[in-house]
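The values are calculated or read from the model by the stated rules, or taken from the named source; none is laboratory data. If you're wondering where the values come from, they're calculated on a predicted model, not measured in any experiment. Using ideal geometry, Cβ is built from the backbone for each residue, glycine included, and neighbour counts are taken over all protein chains shown.
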Amino acid sequence: MVGKSRRLFLTLMVVTSTWAAAQSRPNVVILFTDDQGTLDANCYGSTDLKTPHIDKLAATGVRFTQAYAHTVCCPARAALLTGRHPQRSGVWNWTQGDMNALMGINMALEEVTLAEALQAAGYKTALFGKWHLGAHRDFGPKKQGFDEFFGIRDGFIDNYNHFFLHGVGFHDLYEGTERVDAPGKYFPDMMVQRSLTFIEQNKDRPFFLYVPFNIPHYPEQAMESFEATYKDMPDKARRSYAAIVSTTDHYIGEIVNKLEALRLRDNTIIIYMSDNGHSEETGNRIRVDNHKSGHPKGHFYGSSGGGNTGKWIGHKGDFLEGGIRVPAIISHPSRLPSGAVRGQIITAMDWYPTVLELCGVKAKADAPKLDGYSLLPVIQSAAAASGYGQVLHFAWGRKWAVRDGEWKLLGLDGRGNASLHRISGDNPEKTNHFEAEPEIVKRLRALHEQWAQDVKPK
């Protein structure tokens, strides 16, 4: 009897110790915006934009000026949630969009997401917003560490009727895998209200809240108040884009304000980042009669193309700086510097190890090896070296890029055609140096080929 009592006592001690450790850990909130380009916030120099809430995060945190996500939505999300190159998890091309379609590409369930790592450490986890890592019902957020999921399983929707608009369209708004019908309700508001409720319900325990916005991605359906704010902006494209960026900023503010109202701000790590550069998909229209969304043939739903890249060129869908360099901030005023700026190379893969270190959570011994690096050295010192040195790799479909220092080689089509660019100087990347620098081309191509072999799923 004494032995049984002792075993029960030891079990209770372990459970109590685990609970106590979890209670002392900080909350984590990741605000991941969609198609918000390289310089598209006031704190990044776009003074024609009103983004007070993003600017406040910069004032109370560390702002990065050489942050990289990816060229489009899916690989950026895989990199963020796994801390690994997306090719390792099978995310090399567009993932399955319609939950009710035949099996397509879905992120491998063998990946251990940040949500799974935090969930195992006692965190309550939720994703409200955009998943876009494979819509099949046997995959998705609730299969990979999220206790709650409400949102879109694919890449974008009309914010009021909740239909995906490419092709013939399909409904895409779900609670887990249960269809949600809420015609007329504005999706960004719906997902943020769910986020606020989640924070309220879990204010007395550690939580991980991932808020992948579907804006400022097209269709640019901004709040009317922000359309009025920019009504006198002369550039029509910039006017539309500015309104949806400020709408996004407004909802970021609602989440941060909730944390402050509940006095959770000092114990909450907030990470803000965009998934890729601004969109130039300005020709998107409904191409068929009897579209499932109910919109008529010819209905426009594309981007305005109003992003700002400054001296950089490129946009979403390419590997020039304007396509992959994005705004990024981490704010945790009680533990990290405020109002700091860092110019070292960082990537979306770095948030995973950074969060684990800040939260005192150790990855399991058999967890997949991460490609990202903890940013704590960089956060603490502008002189610290980037974990990547000067080498970065990207790939999507048949296109790829490798950067080493000031040189970047772009693989254009999977058939060996490439271009070579310099990212330094007053007019970075505008000149193709492929013919003039054959030795650099050879060296960078070899780097890419070695990397491509390494990231193939085993």
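On the given criteria, is ASP371 crowded, with 16+ Cβ neighbours inside 10 Å and under 25 Å from VAL112 (Cα atoms)?
Details: crowded, with 16+ Cβ neighbours inside 10 Å: yes; under 25 Å from VAL112 (Cα atoms): yes.
Against the criterion (crowded, with 16+ Cβ neighbours inside 10 Å and under 25 Å from VAL112 (Cα atoms)), ASP371 qualifies.
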Of residues in segment 239-287 being under 23 Å from the mean Cα position of the chain (by Cα) and among the basic types (Lys, Arg), the one farthest from HIS332 (Cα to Cα): LYS258
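Could you tell me whether any residue of segment 134-144 is at pLDDT 95 or above, of a type outside the set (D, E, K, R) and surrounded by fewer than 19 Cβ atoms within 10 Å (Cβ to Cβ)? Spell out the reasoning first.
Taking segment 134-144 and keeping what is at pLDDT 95 or above, we get 134-144.
Narrowing the set further to residues that are of a type outside the set (D, E, K, R) leaves 134-136, 139-141, 144.
In the following step, the residues that additionally are surrounded by fewer than 19 Cβ atoms within 10 Å (Cβ to Cβ) were identified as none.
No, segment 134-144 contains no residue that is at pLDDT 95 or above, of a type outside the set (D, E, K, R) and surrounded by fewer than 19 Cβ atoms within 10 Å (Cβ to Cβ).
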Only listed residue being closer than 29 Å to ALA79 by Cβ and touching a His at 6+ places or on another chain (Cβ under 8 Å), chosen from PHE187, PHE226: PHE187
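Rundown of residues vs (1) outside the structural domain of ARG88 (by TED's automatic domain parsing); (2) within 16 Å of the chain's Cα centre (by Cα); (3) acidic (Asp, Glu), yes/no style:
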position	(1), (2), (3)
GLU111	no, no, yes
ALA115	no, yes, no
LEU118	no, no, no
GLY122	no, no, no
ALA126	no, yes, no
GLY129	no, yes, no
HIS132	no, yes, no
GLN144	no, no, no
GLU148	no, no, yes
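Would you confirm, using the coordinates I've provided, whether GLY416 is farther than 18 Å from ARG325 by Cα, modelled with pLDDT under 95 and either of a type outside the set (A, V, I, L, M, F, W, C) or part of a helix (DSSP H, G or I) (or both)? Spell out the reasoning first.
On the way: farther than 18 Å from ARG325 by Cα: yes; modelled with pLDDT under 95: yes; either of a type outside the set (A, V, I, L, M, F, W, C) or part of a helix (DSSP H, G or I) (or both): yes.
Yes; evaluated as a whole, the condition is true for this residue.
Would you kindly identify the helices (runs of 4 or more DSSP H) lying entirely within segment 302-412 that contain at least 2 residues that are in contact with a Leu (Cβ under 7 Å, 6 or more places away or on another chain)? Outline the logic, then answer.
Details: elements: 321-324, 351-359, 376-380.
Per the criteria, 351-359.
Can you go through TRP407, TRP400, TRP451 and tell me which one is closer than 24 Å to LYS316 by Cα and within 22 Å of the chain's Cα centre (by Cα)?
On the way: TRP407 fails: within 22 Å of the chain's Cα centre (by Cα); TRP451 fails: within 22 Å of the chain's Cα centre (by Cα).
On inspection, the qualifying residue turns out to be TRP400.
Does GLY167 qualify as being on the phi > 0 side of the Ramachandran plot, in the same structural domain as ARG137 (by TED's automatic domain parsing) and within 21 Å of the chain's Cα centre (by Cα)? Walk me through it before giving the result.
On the way: on the phi > 0 side of the Ramachandran plot: yes; in the same structural domain as ARG137 (by TED's automatic domain parsing): yes; within 21 Å of the chain's Cα centre (by Cα): no.
No.
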Selected residue (criterion: farthest from ARG342 (Cα to Cα)) from residues of segment 58-107 that are in a loop (DSSP other than H, G, I, E, B) and among the charged types (D, E, K, R): ASP98
Residue list for segment 189-229, filter: free of Cβ contacts under 8 Å to residues at least 60 places away in the same chain and either among the β-branched types (Val, Ile, Thr) or surrounded by 21 or more Cβ atoms within 10 Å (Cβ to Cβ) (or both): THR197, ALA222
